[in-house]
2 protein chains.
Amino acid sequence: MNIHKFVMPEVIFGNGSIHQVGESCLRLGATNVLIVSDPGVTEAGWLDVVIKSCRQVGLKYTTFCDVTINPKDEEVKKGCEAYLENECDAIIGIGGGSSIDAAKAVAILATNGGQIHEYEGVDKIQLPLPPQVMVPTTAGSGSEVSQFSVIVNTKEKKKMTIISRSLIPDIAIIDPETLSTKSAHLTASTGLDVLTHGIEAYVSLAATPLTDVQAQNAISLVGKYLRPSVASKINQEAKTNMAMASLQAGLAFSNAILGAVHAMSHAVGGRYPLLHGDINSILLPHVMEFNLLANPKKFADIACFLGMDTRGMSYMEAGRKTIEYVKQLAEDIGVPQRLSDIGVKQEEIRKMSLVAFHDACMITNPRDITVEEIEGIFRKAW
Amino acid sequence: MNIHKFVMPEVIFGNGSIHQVGESCLRLGATNVLIVSDPGVTEAGWLDVVIKSCRQVGLKYTTFCDVTINPKDEEVKKGCEAYLENECDAIIGIGGGSSIDAAKAVAILATNGGQIHEYEGVDKIQLPLPPQVMVPTTAGSGSEVSQFSVIVNTKEKKKMTIISRSLIPDIAIIDPETLSTKSAHLTASTGLDVLTHGIEAYVSLAATPLTDVQAQNAISLVGKYLRPSVASKINQEAKTNMAMASLQAGLAFSNAILGAVHAMSHAVGGRYPLLHGDINSILLPHVMEFNLLANPKKFADIACFLGMDTRGMSYMEAGRKTIEYVKQLAEDIGVPQRLSDIGVKQEEIRKMSLVAFHDACMITNPRDITVEEIEGIFRKAW
């Protein structure tokens, strides 16, 4: 066994925990925070809750709520300007993966300067970041605990993956009550993203016993609670368990990294304003079919985590059962089934395959892959 | 569900990871470290490995290797004097729970001053501690990841439990190779301590889904690997898995706290120079018998984690199977069976019961307990 590392932020989990955001910032020495969010979260009222919590402890604050789906380099630049102009000394990100990734990217520029493009890749950040408190509202991205930030390079129409230990926030506050304002479609899409994180982390070349434990639990919880969570906004048991699944999947992939689904999904998301979870949902079973060869036992394990009885089956047979399960789950919860259904153009597949081939997430994919093979998977999923 | 927190240090795990101790200190800004250890670890050669690693990165260092089993207030005082006299700015603890607990206690006094007694209890530490890197060598205490330090009050002949988030070290370096120099008895004793941590954390009133995951895995690994680990010094698979079990049990109990076994064990360990693991081994099944009533389902779960087939059994029946398993395991690996066998005097039971009743670990014991009931358990175990 190689030497491996496991890092995570302090986690505060539970209904009502969002009200601890102000106090948490204070504990990190903040006096004047930049709150990064998006219009959907603002409209749902969660921004007001965060502002109230900051006010109650006497924190000054500035809001920057212009983050869009698949956050862009330009938004990060504007967020950083807001941070510097208002002399902030800490950052809160509240929202889905887009808001949190944007908040982290703002944190990079706030102390390291330059342009966000300079930090693409692994370990490019030199100086410590300001204190960061993240509040996810989607049970999806896991960004609140991860060492990732994914930002769109608008000129090159691609997603830049930034990976660095210093992107792990100081405190992650996970309040399942924030999930009650999500639409069924967003719940389904982000839930499938959680499953993708769990599966890609579990079969990753960088998986360790510590990440396996988290991935296993995340997968198991998705199997039990994603369907009921999509079915009802107020099923608290389902929401709480999906929030836990998202957290555990985030801990797994932050430390085990991901694979071809994310590498390919980043290539699509850089060109189309689509939900990350929708793209992942479509790609996941196709990539699993390709990867099965690389680790039949681990794909067979996943069938057990999902509650299937695999007695008497070979690893390959059980692994194929896992893939069938994922397809059925996607169908049950009504996420899109094909890239052509969500507007991806066939003539862009070659370009996207090249971009995916060079994505940082491809390094830990369990099976070696060529650009042609990526293209083949894209065509099957189209 | 209540709001709960989960905190852990950065973890570096694997054979050879001990050589990263110097670089890890450097990364935390250290220039001059105090290395806290004990004579056994020094003799086994691990102190030299740590010193070499510090030298290689140009760190100055001072050693303080006078820690004894169940570390004492006076040793902590002397360690702090060494820290201050040599103008150290970081602390390494290498050894079993005694060395690491002592290193943490030195860290408290180094920046907070006063006497270690002033910090007994929960959250009494005001000022930040110096950077701390811990290297466990026993697969036992879990102190390298926990927010606990347990120090003997020599005047009052009792163990003081200090609990604070700031006692969580910055980096824990867990190298299974260090376990190859442990005697069979120490392996058995510390291994049973790991099982105690896993079980007490799992049934604790402060258990959460995040701690349950860690406790479950720790218990399961002890069930599979403690016997072979006791049987052979060079069974690397067993050593690695016991190191992982110890780590996961540490993560579980640091966040879920413990119960009556530890409260009672602290009372004994404050009066007798006995191995903490030996005392726990004796008390564990008796406390489990008392606690079973409080959460039959969780005790039944543990039977499953240990690989037993509980189909057709009630929770109480499966829970009793768990207790039988623990007794059999203790017998198999040859740890002491009775308090009278290890020199505990019957006439001290009443005094120890009173001390145990007031120990911080008793707060999260799943079943309410009186001083008389503690006394009854002590007498059964005597």
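The values are calculated or read from the model by the stated rules, or taken from the named source; none is laboratory data. This is a predicted model, so every value here is computed, not measured. With ideal geometry, Cβ positions are generated from the backbone for all residues, glycine too; neighbour counts draw on all protein chains shown. Keep in mind that these areas ignore ligands, DNA and RNA; they rest on the heavy atoms of the full protein, side chains included. Shrake-Rupley method; radii C 1.70, N 1.55, O 1.52, S 1.80 Å.
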From the set of residues in region A:27-37 that are open to solvent by less than 20 Å² (accessible area, probe 1.4 Å) and not polar (S, T, N, Q), which is nearest to the other protein chains (Cβ to nearest Cβ)? A:Ala30
Only one residue in A:Asp101, A:Asp89 is crowded, with 21+ Cβ neighbours inside 10 Å and either of a type outside the set (Gly, Ala, Ser) or within 14 Å of chain B (Cβ to nearest Cβ) (or both). Which one? A:Asp101
Number of the condition not met by B:Gly40 [criteria: (1) in contact with a Ser or Thr (Cβ under 7 Å, 6 or more places away or on another chain); (2) more than 25 Å from B:Ile163 (Cβ to Cβ); (3) surrounded by 21 or more Cβ atoms within 10 Å (Cβ to Cβ)]: (1)
Unmet requirement for B:Leu34, which otherwise passes all of (1) within 23 Å of the chain's Cα centre (by Cα); (2) not assigned by TED's automatic domain parsing to the domain that holds B:Asn153: (2)
Check on B:Val57, buried (at least 21 other Cβ atoms within 10 Å of the Cβ) and either farther than 21 Å from B:Lys182 by Cβ or within 14 Å of chain A (Cβ to nearest Cβ) (or both): no
Long-range neighbours under 6 Å by Cβ, at least six apart or interchain, first residue farther than 16 Å from A:Ala172 by Cβ and open to solvent by 10 Å² or more (accessible area, probe 1.4 Å) within region A:225-248, second part of a helix (DSSP H, G or I) and small (Gly, Ala, Ser): A:Tyr225/A:Ala238; A:Pro228/A:Ala238; A:Val230/A:Ala184; A:Val230/A:Ala188; A:Lys233/A:Ser180
Take region A:90-107 and flag every residue that is over 16 Å from A:Val21 (Cβ atoms) and either of a type in the set (S, T, N, Q) or in a loop (DSSP other than H, G, I, E, B) (or both). A:Gly96, A:Ser98
Looking at region A:137-176, which of its residues are within 19 Å of A:Thr190 (Cα to Cα) and of a type in the set (D, E, K, R)? A:Glu144, A:Lys159, A:Asp175
Does B:Val150 meet the test of being touching a residue at least 12 places away in the same chain (Cβ under 8 Å), surrounded by 24 or more Cβ atoms within 10 Å (Cβ to Cβ) and within 20 Å of the chain's Cα centre (by Cα)? yes
Among (1) within 13 Å of chain A (Cβ to nearest Cβ); (2) more than 12 Å from B:Ser141 (Cα to Cα), B:Val222 falls short only on (1)
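To keep it simple, each residue is scored yes or no on (1) open to solvent by 50 Å² or more (accessible area, probe 1.4 Å); (2) among the charged types (D, E, K, R).
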{"site": "A:Phe299", "(1), (2)": "no, no"}
{"site": "A:Ile302", "(1), (2)": "no, no"}
{"site": "A:Met308", "(1), (2)": "no, no"}
{"site": "A:Gly312", "(1), (2)": "yes, no"}
{"site": "A:Val335", "(1), (2)": "no, no"}
{"site": "A:Asp341", "(1), (2)": "yes, yes"}
{"site": "A:Lys345", "(1), (2)": "yes, yes"}
{"site": "A:Ile349", "(1), (2)": "no, no"}
{"site": "A:His358", "(1), (2)": "yes, no"}
Single residue of region B:1-26 satisfying the filter (charged (D, E, K, R) and touching a strand residue (DSSP E or B) at 6+ places or on another chain (Cβ under 8 Å)) that is most open to solvent (accessible area, probe 1.4 Å): B:Lys5
Complete set of residues in region B:205-223 that are open to solvent by 10 Å² or more (accessible area, probe 1.4 Å) and more than 22 Å from A:Ile219 (Cβ to Cβ): B:Leu205, B:Ala206, B:Gly223
Regarding B:Leu329, is this residue surrounded by 22 or more Cβ atoms within 10 Å (Cβ to Cβ), closer than 22 Å to B:Lys224 by Cα and either modelled with pLDDT under 95 or not β-branched (Val, Ile, Thr) (or both)? yes
Of the criteria (1) without any contact (Cβ under 8 Å) to a residue 24 or more places away in the chain; (2) assigned to a helix (DSSP H, G or I); (3) of a type outside the set (S, T, N, Q), which one B:Arg311 fails: (2)
Filter region A:329-352 for residues that are free of Cβ contacts under 8 Å to residues at least 60 places away in the same chain and under 15 Å from A:Asn280 (Cα atoms) and give the result. A:Glu331, A:Pro336, A:Gln337, A:Arg338, A:Ser340, A:Asp341
Residue in region A:233-265 that is farthest from the other protein chains (Cβ to nearest Cβ), counting only those that are closer than 14 Å to A:Cys361 by Cβ and not in a helix (DSSP H, G or I): A:Gly259
Can you tell me how many residues in region B:68-111 are within 15 Å of B:Leu275 (Cα to Cα) and of a type in the set (Asp, Glu)? 1
Quick check on this structure: which one of B:Ile279, B:Ile369 is open to solvent by less than 80 Å² (accessible area, probe 1.4 Å), among the aliphatic types (A, V, I, L, M) and assigned to a helix (DSSP H, G or I)? B:Ile279
Can you name the condition, by its number, that B:Trp46 falls short on among (1) in contact (Cβ under 8 Å) with a residue 12 or more places away in the chain; (2) surrounded by fewer than 23 Cβ atoms within 10 Å (Cβ to Cβ); (3) facing chain A (nearest Cβ under 7 Å)? (3)
Being within 14 Å of chain A (Cβ to nearest Cβ) and either in contact with a Pro (Cβ under 8 Å, 6 or more places away or on another chain) or charged (D, E, K, R) (or both) is the filter here; which residues of region B:178-215 pass it? B:Thr178, B:Asp212
Pairs, first farther than 18 Å from B:Thr161 by Cβ and at pLDDT 95 or above in region B:109-128, second open to solvent by less than 50 Å² (accessible area, probe 1.4 Å) and among the β-branched types (Val, Ile, Thr), C-beta under 8 Å, six or more apart: B:Ala110/B:Ile91
Take the conditions closer than 25 Å to B:Leu284 by Cβ, in contact with a Gly (Cβ under 6 Å, 6 or more places away or on another chain) and surrounded by 16 or more Cβ atoms within 10 Å (Cβ to Cβ) and apply them to B:Gly198. Does it pass? no
